[in-house]
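Input: a single structure, listed below in structure tokens.
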Amino acid sequence: MEAMAFVTEERKLTQETTYPNTYIFDLFGGVDLLVEILMRPTVSIRGQKLKISDEMSKDCLSILYNTCVCTEGVTKRLAEKNDFVIFLFTLMTSKKTFLQTATLIEDILGVKKEMIRLDEVPNLSSLVSNFDQQQLANFCRILAVTISEMDTGNDDKHTLLAKNAQQKKSLSLGPSAAEINQAALLSIPGFVERLCKLATRKVSESTGTTTFLQELEEWYTWLDNALVLDALMRVANEESEHNQASVVFPLPGASEENGLPHTSTRTQLPHSMKIMHEIMYKLEVLYVLCVLLMGRQRNQVHRMIAEFKLIPGLNNLFDKLIWRKHSASALVLHGHNQNCDCSPDITLKIQFLRLLQSFSDHHENKYLLLNNQELNELSAISLKANIPEVEAVLNTDRSLVCDGKRGLLTRLLQVMKKEPAESSFRFWQARAVESFLRGTTSYADQMFLLKRGLLEHILYCIVDSECKSRDVLQSYFDLLGELMKFNVDAFKRFNKYINTDAKFQVFLKQINSSLVDSNMLVRCVTLSLDRFENQVDMKVAEVLSECRLLAYIAQVPTQMSFLFRLINIIHVQTLTQENVSCLNTSLVILMLARRKERLPLYLRLLQRMEHSKKYPGFLLNNFHNLLRFWQQHYLHKDKDSTCLENSSCISFSYWKETVSILLNPDRQSPSALVSYIEEPYMDIDRDFTDE
């Protein structure tokens, strides 16, 4: 009763006076006694050894959980008992104690300072293999904690300096607990296949032989807050009344003995609750698959996910479950609304989009997001443009692609264009589509999306709706850059849409409002301009003469303005994965200047801009430190260097040479930074790791 009160009332400061029973129970050793009872396999009564029944174990677990809920510090104490935490996993072999055990483990792992290692769990493979699908879905809630890298919450950890230091430390320590746990799961036969089946099963397939009471009890253990249970009861009762079938919903733990009518046990949960049940399962399953896709065994996971047809399965669920329309009584949490990120419906959509982003990012399996007809369309685009077909398209196994009239990517584009301006999905939708374009630029991929009106949609959001969200703006600018890069047709479409000076000024205002957000677009346009200027083609010449954006970027004062601000807004100590792109964009501008033998001119102009701002040496010293860090960061990371090369079509050796030329210590070199920093203002040997 105290636990129920705890989750339905506001928490009070003095918990021991509010919940005296659990407090006193713990004070006099009740918690430690329960742990002892659970871990002792038998009890002695009058000299006879009796095995503890599942019912007693279940009661012990429930009391432990309720005490954890009501009394501060109990969960942390249990988390420190590593042998007890590992032991709890063994209690999940019994269906009767599974849910209570899983709920308690989840709470304990949420406060545990050190991550447990799944390879220490006795017979892990057998345990997981014997779970039914419902149990496996519940188990994914625990796995979500055990396979994700622990985050201390320290902002410094997110800087590249701190990440590099952490990576060096990790190399000496070996694989992390999360990586070990991922490997342990992937070694279990059929594990990924079962996750894929769970993720793609339809609601109609999820109805098993469970009784009404069993399903309702499972609901209760899934929901940490009784208010959510109340909301579910309301939804269910509304549906029951609509169907003119009265259903009595018991409190968790109720049975026929304590007053539940016999007819209720035969009543199935209403369909709306079954849908929400399935949504909450899929949330956890998709999260686990997403983490595995980003782990060390990415290629292995990718291969299995493709083989077990996760993508076609999700495509078939898209309209009816993943992007279903909200009903009037859609489940929402108390004090929230349907558009709140806490809603299971919303969270499922975001998790789905994150999975698509991880699946498509720099991997040839991204073409599984299309159906056969759409793959043929890609081939036709290449044929018409008289360019070779993309090898990954030719190598795609047609038996594993989406079926139906539309593939998953096309479905995503359709809902993306209908999304309200204030929707929180815009960011994730743009990221998922952008990941499809990332890597080596593909003209066919770009044209496939251009034909479906994506460029016009993005420009409408940036210019006409004057989007204010920085996250959404950044994702749209990044997507626009990938969509337009080196593509003459895209620039023609851009000029057709941005057809007045007023519109162009609004577009520039959005770009200049935050270069951290828009610099990837600036980089893509700069690279495209350089390529177009070196092509002899009437179509290209026409675009160069007419496109406002290309004409704007072509001006040296514009490039210098961007260059100055890009260098000025970042420092080694504040570099993150998000803003390091500003450093690389500034390097792209200087590399292209070097190609045209204009690097000394650009450095001289930067020096003049420094003096005009009354800060001689400040910018160039900062840039020198940034480039030193760049060498440390990129010369030891294969993936990042490959990404730079693929996205810019500039060989990584040219990147390295340009950085080395800029860092040349010879003050007589016209292309060295030190040549433009006056002696009194020189500050280039600072050890940035000490700051």
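With a simple spin-label model that places each label point 7 Å from the Cα along the Cα-to-Cβ direction, the separation between Arg117 and Leu394 comes to 4.7 nm. On a C-alpha basis, how far is the centre of segment 391-409 from the centre of segment 569-594 in Å? Whole number, if you could? Segment 391-409 and segment 569-594 have Cα centres separated by 37 Å.
Rounded to the nearest Hz, the phi-derived 3J(HN,Hα) couplings of segment 387-403 under the Karplus curve 6.51 cos²θ - 1.76 cosθ + 1.60 (θ = phi - 60°) are 10, x, 5, 5, 4, 5, 5, 5, 8, 5, 6, 5, 6, 10, 7, 5, 10, where x marks glycine and proline. In terms of its C-alpha gyration tensor, segment 453-502 has an oblate overall shape, because the principal axis ratio a/c (a ≥ b ≥ c, square roots of the eigenvalues) is not below 1.5 and a/b does not outweigh b/c. For segment 430-460, the residues whose amide N sits under 17 Å from a probe point set 7 Å from the Cα of Val540 along the beta carbon direction are 441-444.
In this model, which of Lys496/Lys613; Lys112/Lys656; Lys309/Lys451 are farther than 32 Å apart at the alpha-carbon? Beyond 32 Å between Cα atoms: Lys496/Lys613; Lys112/Lys656.
Once neighbouring chains are kept in place and the probe is 1.4 Å, which whole percent of the accessible area of segment 564-645 is contributed by carbon and sulfur?
Its accessible area is 50 percent carbon and sulfur atoms.
Taking amide H as placed 1.01 Å from N in the peptide plane, Thr576 has its amide H under 5 Å from the amide H of Leu160, each at least 5 places away in sequence or on another chain. Across segment 92-202, the relative contact order, built from alpha-carbon pairs under 8 Å that are at least six residues apart, equals 35 percent.
Cα centroids of segment 431-453 and segment 174-193: 33 Å apart. 3J(HN,Hα) couplings calculated from phi for segment 502-515 with the Karplus curve 6.51 cos²θ - 1.76 cosθ + 1.60 (θ = phi - 60°) are, in sequence order, 4, 4, 5, 5, 5, 4, 5, 4, 5, 4, 7, 5, 7, 5 Hz; Gly and Pro show x.
Calculate, for Gln300 and Arg595, the FRET efficiency according to 1/(1 + (r/R0)^6) with r their C-beta to C-beta distance and R0 30 Å; round to the nearest 0.05.
0.15
Electrostatic tally near Ile180: other residues with Cβ closer than 15 Å to its Cβ, Lys and Arg +1, Asp and Glu -1, net -3. With θ taken as phi - 60° and the Karplus curve 6.51 cos²θ - 1.76 cosθ + 1.60 applied, the whole-hertz 3J(HN,Hα) list for segment 655-670 is 4, 4, 4, 5, 5, 4, 5, 5, 8, 4, x, 6, 6, 8, 6, x Hz, x standing for glycine and proline. Prolate is the label for segment 362-416, because the ratio a/c of its alpha-carbon gyration tensor axes (a ≥ b ≥ c) is 1.5 or higher and a/b is greater than b/c.
The values are calculated or read from the model by the stated rules, or taken from the named source; none is laboratory data. Bear in mind the structure is a predicted one, so any value in this text is a computation, not a measurement. Because the Cβ atoms are built from the backbone with ideal geometry, glycine has one as well, and the counts that use them run over all protein chains shown. Heads up: the accessible areas ignore ligands, DNA and RNA and are worked out on the full protein's heavy atoms, side chains in. Shrake-Rupley method; radii C 1.70, N 1.55, O 1.52, S 1.80 Å.
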